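The values are calculated or read from the model by the stated rules, or taken from the named source; none is laboratory data. A quick note: this is a predicted structure, and the numbers were derived from the prediction, not measured. Keep in mind that these areas ignore ligands, DNA and RNA; they rest on the heavy atoms of the full protein, side chains included. Shrake-Rupley method; radii C 1.70, N 1.55, O 1.52, S 1.80 Å.
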Amino acid sequence: MLAGPASEELSKAVASKVGLGLLRGEFRVFPDGEAKFTVSEGVAGKSVYIVQSTYRPADQHRMQLMLAAHHLSQEGAKVTAVVPYLEYARQDKEFLAGECVSLGVLAHLLRSAGVRRLVTVDIHSMEGLSLFSFPVYSVSAIPLLVDHARTKLSLKNPVVVAPDFGGSKRTEAFAALYGAEFLQLSKTRDRVTGEVKVKDGALEVKGKEVLIVDDICCTGGTVRAAAEE
């Protein structure tokens, strides 16, 4: 297993959990932002799991992943990328005329870099999996989040709320596992300005504790609007 700079602690924890050794690799970033990767071990014929999330700075973390994947693949390794947060997953279709389907481009780049399989966590939309031409697995953290809510939050008579339709299936699954009531709000987003509006005229939440479950939190605008409503 290779620990990417964005996921060093997670890599060590997973490697220990499944009994894999950590590959000795070095990532450097030059003053102008360019990345460099060096590996000091032979990997021919081995299966290598690269653990590297692609949160901010997303493009730098993705480039580090691609450099490692390409080099290890060229050296004869079978590369699986483990990317807990997958960048560009929200743009899995053309929402407005003329938009680039960014996730499709990412899928092409990863394949070209030598990635044979990809594992991510709760991809933004399961429809996005169809854009990949190699095996992709989206595992869910919902059971772990439900367990955390049960043991740490001590909520009484909670209502689990989805801010919009897009993430409602995931939120509904959370509510079902928790054994709580599920509600879905109505959200509209201006595709040009990004302004978000959330409302619902018949919310039965007075006196109840509300647990909002959303898929991607970038600026917090959707969660804030849902909380205000």
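Please work out the Cα center distance from the stretch 1-54 to the stretch 114-154, rounded to the nearest Å.
21
Any idea of the accessible area per residue across the stretch 22-63, 1.4 Å probe, to the nearest Å²?
Values: 2630 Å² over 42 residues.
Result: 63 Å² per residue.
Could you tell me the relative contact order of the chain? Use alpha-carbon pairs under 8 Å, at least six residues apart, and round to a whole percent.
12
What are the ³J(HN,Hα) couplings of the stretch 124-132, residue after residue, when phi is run through the Karplus curve with 6.51, -1.76, 1.60 and θ = phi - 60°? Round to Hz, x for glycine and proline.
Along the stretch 124-132, the couplings run 3, 9, 4, 4, x, 4, 5, 7, 9 Hz.
Could you tell me what a quarter of the Cα convex hull surface of the chain works out to, in nm² with one decimal place? All intermediate terms of the calculation are to be shown ahead of the outcome.
Numbers: hull surface 59.9 nm².
Mean shadow area of the hull around the Cα atoms is 15.0 nm².
From the backbone phi of the stretch 19-33, what are the Karplus-calculated ³J(HN,Hα) couplings (6.51 cos²θ - 1.76 cosθ + 1.60, θ = phi - 60°) in whole Hz, Gly and Pro given as x?
Karplus values, whole Hz, x for Gly and Pro: x, 10, x, 9, 6, 7, x, 10, 10, 10, 10, 6, x, 8, x.
Please list, in chain and number order, the residues 5+ apart from Val119 or on another chain whose amide H is under 5 Å from its amide H, with Hs placed from the backbone.
For Val119, the qualifying residues are Ala81, Val82, Val83, Tyr137.
So who's got an amide H within less than 5 Å of the one on Leu2, skipping anything under 5 residues away but keeping other chains? H placed 1.01 Å off N, in plane.
For Leu2, whose amide H was placed from the backbone, the distant partners under 5 Å are Leu23, Tyr49, Ile50, Val51.
For the chain, with a Gaussian network of springs between Cα atoms less than 10 Å apart, report the residue from Gly25, Gly114, Gly33 with the top mean-square fluctuation.
Gly33
Using the Cα gyration tensor of the stretch 58-161, with a ≥ b ≥ c the square roots of its eigenvalues, what is the shape: rounded (a/c below 1.5), prolate (a/b larger than b/c) or oblate (neither)?
In terms of gyration-tensor shape, oblate.
Give me the 1.4 Å probe accessible area per residue for the stretch 82-129, excluding ligands and nucleic acids, in Å².
Details: 2380 Å² over 48 residues.
Here the residues of the stretch 82-129 average 50 Å² of exposed surface.
On the accessible surface of the chain, probed at 1.4 Å, how many percent belong to carbon and sulfur atoms?
Carbon and sulfur atoms account for 52 percent of the accessible area of the chain.
Using Stokes-Einstein with the Kirkwood hydrodynamic radius over Cα pairs, what translational diffusion coefficient do you get for the stretch 1-100 at 10 °C and a viscosity of 1.306 mPa s, in µm²/s rounded to a whole number?
Roughly 110 µm²/s, to the nearest whole number.
As a test of the formula, what do you get for the chain when each DSSP H run with n ≥ 4 contributes -39,500 (n - 2.57) and the sum is divided by the residue count, at 222 nm and rounded to the nearest 500 deg cm²/dmol?
Values: 6 runs with 65 residues, N = 229.
After summing the helix terms and dividing by residue count, I get -8500 deg cm²/dmol.
What translational diffusion coefficient, to the nearest whole µm²/s, does the stretch 1-47 have by Stokes-Einstein, given a Kirkwood radius computed over alpha-carbon pairs, a temperature of 20 °C and 1.002 mPa s viscosity? List each step's numbers first, then the result.
Details: Rh = 11.9 Å.
So the translational diffusion coefficient is about 179 µm²/s.
Just to check I understand the Karplus step: with θ = phi - 60° and J = 6.51 cos²θ - 1.76 cosθ + 1.60, what whole-Hz values come out for the stretch 95-106, glycine and proline as x?
Running phi through 6.51 cos²θ - 1.76 cosθ + 1.60 with θ = phi - 60° gives 6, 10, 4, x, 6, 7, 7, 4, 5, x, 5, 4 Hz.
Pairing the Cα long axis of helix 58-74 with the longest principal axis of the chain, what angle in degrees results, from 0 to 90 and rounded to the nearest 10?
Relative to the chain, helix 58-74 is tipped by roughly 40 degrees.
Which of these, Arg150, Arg62, Arg90, has the largest mean-square fluctuation under a Gaussian network model of the chain (Cα springs below 10 Å)?
Looking only at Arg150, Arg62, Arg90, the biggest GNM fluctuation is shown by Arg150.
Along the principal axes of its C-alpha atoms, what lengths does the stretch 100-158 span, in descending order and rounded to whole Å?
50, 23, 14
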